[in-house]
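This report concerns only the one structure given below.
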Amino acid sequence: MFFDMITLWWKSWSWKTTVWQLLADKLWFERISIGDIKKKLAEDMGMTMLERDQLWDKPENREEFDLKYEDYQKSLNPHWDTVLDWRMAFWCQPTAFNVFLNISLEESAQRIFNAERWLNGDMSLEGVVAMTKTRNERHSAVYKELYDVDIFDFEHYDLVISSDSIHAVWIAETIVKAYTAWKETMLK
């Protein structure tokens with residue numbers, strides 16, 4: 001048995017949001033973003049997202065928050081046509097079609113720098129590279145500690161795509177083709 005579900009995990013600025021939306025539109029799947037769940041959780045706790053993120057960043061609170069996200073993902077109906085984005089979606093939905101959107105550190109940092117997103121005033125490109133590297137390392141360490149899983153191990157995914165020089169539309173089309181082929185093999 002398999003799920004009619006595609007999960008996405010990504011590195012920063014690998015076109016995840018655009019790809020996520022395109023996939024849902026092309027396949028007529030529901031979009032579920034754990035980011036939306038995080039916002040709802042913050043609201044339920046009477047917090048802003050920043051306050052929630054600051055709590056999550058404290059090691060003593062990570063497990064509590066991640067367990068809530070994990071429980072939500074595992075509670076999803078396996079027969080929903082869904083595109084789910086979250087770091088541990090591949091782990092929570094192991095029979096889904098699991099996709100990783102990869103990007104080089106340099107390209108990711110360049111996109112962030114060009115968009116002037118999350119930058120503190122006059123941050124240099126080198127500073128953005130360092131910030132992005134630290135962010136990736138932090139994510140890796142958190143999930144290694146909580147789940148003993150390397151989220152950047154490509155063995156967890158059915159498809160890995162580099163978005164360095166590829167447009168989001170092409171990425172979505174490639175995922176749809178690969179998902180369709182995967183689903184056909186699962187039906188045999």
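Quick note: the coordinates plus some simple rules give every number you see, no bench work behind them. Because the structure is a prediction, the values reported are computed rather than measured. Positions of Cβ are backbone-derived with ideal geometry, glycine not excepted, and every protein chain shown enters the neighbour counts.
Put a dot 7 Å past the Cα of D153, heading toward its Cβ, do the same for D81, and the two dots end up 3.4 nm apart. Given R0 = 22 Å, the distance between the Cβ atoms of V160 and R135 translates into a calculated FRET efficiency of 0.65.
For segment 5-187, the ratio of Cα radius of gyration to the globular rule of thumb 2.2 N^0.38 Å stands at 1.04. The distance between label points at K183 and K58 comes to 4.4 nm (points 7 Å beyond Cα on the Cα→Cβ vector).
Label sites at S104 and L125, each approximated as a point 7 angstrom past Cα along Cα to Cβ, lie 1.2 nm apart.
How would you classify segment 143-188 from its alpha-carbon gyration tensor, with a ≥ b ≥ c the square roots of the eigenvalues: rounded for a/c under 1.5, else prolate if a/b is greater than b/c, otherwise oblate? The shape class here is oblate.
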